[in-house]
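I have placed the structure first, in the form of structure tokens, so that the comments after it can refer back to it.
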Amino acid sequence: MGLLLTKLMAVFGDKDHKVIIVGLDNAGKTTILYQFLTKETVQTSPTIGSNVEEISVRKTRFLVWDIGGQESLRATWNSYFCNTEIVILVVDSTDRERLNVTKEELHCMLAHEDLHEAAVLVLANKQDMKGSMTAAEISRSLTLGAITARPWHVQACCALTGEGLPASLDWMRSRVVAN
Ligand code: G3D
């Protein structure tokens with residue numbers, strides 16, 4: 001009965017589902033968050049501290065925390081982990097040089113006990129740019145296949161046009177409704 005009630009609450013929107021957006025600085029986190037909200041491209045400045053916004057997807061509500069990605073701020077990421085249901089990792093698909101840093105940050109973060117239950121959505125952003133890596137390349141480089149104990153998904157997208165973002169929201173909704 002309790003489980004049924006929880007599922008119904010997820011479908012009918014009685015609960016906020018906590019989501020964090022992480023990724024290195026300049027990956028496009030803030031642009032994606034505001035695309036989710038407005039479906040318009042916004043002028044951004046580097047995230048200092050965090051932005052939090054509520055997004056509603058067919059009555060399922062997500063409280064989305066955009067956490068700053070500069071090196072000095074990454075040490076504070078774990079203070080946001082508690083009760084997180086979905087981690088969105090935003091990757092600049094043109095940034096081959098720092099993909100290894102992203103991989104290390106991802107796997108270190110997923111080892112944190114507060115994130116053991118969280119699903120992972122990797123957004124391969126900036127697909128509009130020449131020479132960008134494909135979602136499959138990013139998936140391989142981040143060794144996403146090694147994540148076996150939780151649901152994960154990789155989605156190609158372009159935050160400037162919003163391409164790929166509706167599919168991401170659908171996946172997020174399907175995850176929380178499935179739980
Ligand atoms: P962050 O929050 O991860 O630090 P931002 O990243 O959202 O501030 O974005 C960093 C820069 O990348 C911004 O450019 C933004 O417009 C750009 N950007 C974000 N997503 C895309 C995308 O899909 N394609 C392209 N071509 N650019 C993108 P500026 O010039 O303002 O620094």
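The values are calculated or read from the model by the stated rules, or taken from the named source; none is laboratory data. Here the structure is a predicted model, which means the values were calculated and not measured. Virtual Cβ from ideal backbone geometry, glycine too; neighbours counted across all protein chains shown.
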Inset, instruction - Working only within the stretch 96-118, note down all residues that are outside any helix (DSSP H, G or I) and within 12 Å of Ile86 (Cα to Cα). - result: His116, Glu117, Ala118
Inset, instruction - Would you mind stating whether Thr143 is of a type in the set (Val, Ile, Thr), on the phi > 0 side of the Ramachandran plot and out of contact with any Cys (no Cβ under 7 Å at 6 or more places or on another chain)? - result: yes
Inset, instruction - Confirm whether Ile67 is closer than 19 Å to Glu117 by Cα, surrounded by 14 or more Cβ atoms within 10 Å (Cβ to Cβ), within 14 Å of the ligand (Cβ to nearest atom) and at pLDDT 80 or above. - result: no
Inset, instruction - Given the conditions (1) over 26 Å from Ala136 (Cα atoms); (2) at pLDDT 90 or above, report the number of the one that Leu73 does not fulfil. - result: (2)
Legend entry - Breaking point among (1) at pLDDT below 90; (2) of a type in the set (Val, Ile, Thr); (3) surrounded by 19 or more Cβ atoms within 10 Å (Cβ to Cβ), for Thr102: (1)
Inset, instruction - Considering only residues that are buried (at least 17 other Cβ atoms within 10 Å of the Cβ), hydrophobic (A, V, I, L, M, F, W, C) and within 16 Å of the ligand (Cβ to nearest atom), look in the stretch 124-151 and name the one that is nearest to Ile55 (Cα to Cα). - result: Ala124
Inset, instruction - Select, from Lys29, Lys7, Lys18, Lys39, the only residue that is modelled with pLDDT of 90 or more, charged (D, E, K, R) and more than 13 Å from the ligand (Cβ to nearest atom). - result: Lys18
Inset, instruction - From (1) touching a Cys at 6+ places or on another chain (Cβ under 6 Å); (2) on the phi > 0 side of the Ramachandran plot, pick out the condition that doesn't hold for Leu123. - result: (2)
Legend entry - Pair list, Cβ under 8 Å, 6 or more apart: the stretch 28-51 residue within 25 Å of Ser79 (Cα to Cα), other residue surrounded by 21 or more Cβ atoms within 10 Å (Cβ to Cβ) and modelled with pLDDT under 65: Lys29/Gly69; Thr47/Gly69
Legend entry - Pairs where the first residue, in the stretch 162-179, is in contact (Cβ under 8 Å) with a residue 24 or more places away in the chain and the second is in a helix (DSSP H, G or I) and surrounded by fewer than 18 Cβ atoms within 10 Å (Cβ to Cβ), C-beta under 6 Å, 6+ apart: Val177/Val11
Legend entry - Out of Glu113, Glu85, sole residue that is of a type outside the set (S, T, N, Q) and touching a strand residue (DSSP E or B) at 6+ places or on another chain (Cβ under 6 Å): Glu85
Inset, instruction - Could you tell me whether any residue of the stretch 80-87 is under 24 Å from Phe36 (Cα atoms), of a type in the set (S, T, N, Q) and in contact with a Gly (Cβ under 8 Å, 6 or more places away or on another chain)? - result: no
Legend entry - Checklist (1) modelled with pLDDT under 95; (2) of a type outside the set (A, V, I, L, M); (3) near the ligand (Cβ under 10 Å from one of its atoms) applied to Pro166, failing item: (3)
Legend entry - Unique match (being more than 14 Å from the ligand (Cβ to nearest atom), touching a strand residue (DSSP E or B) at 6+ places or on another chain (Cβ under 8 Å) and at pLDDT below 95) among Val154, Val120, Val176: Val176
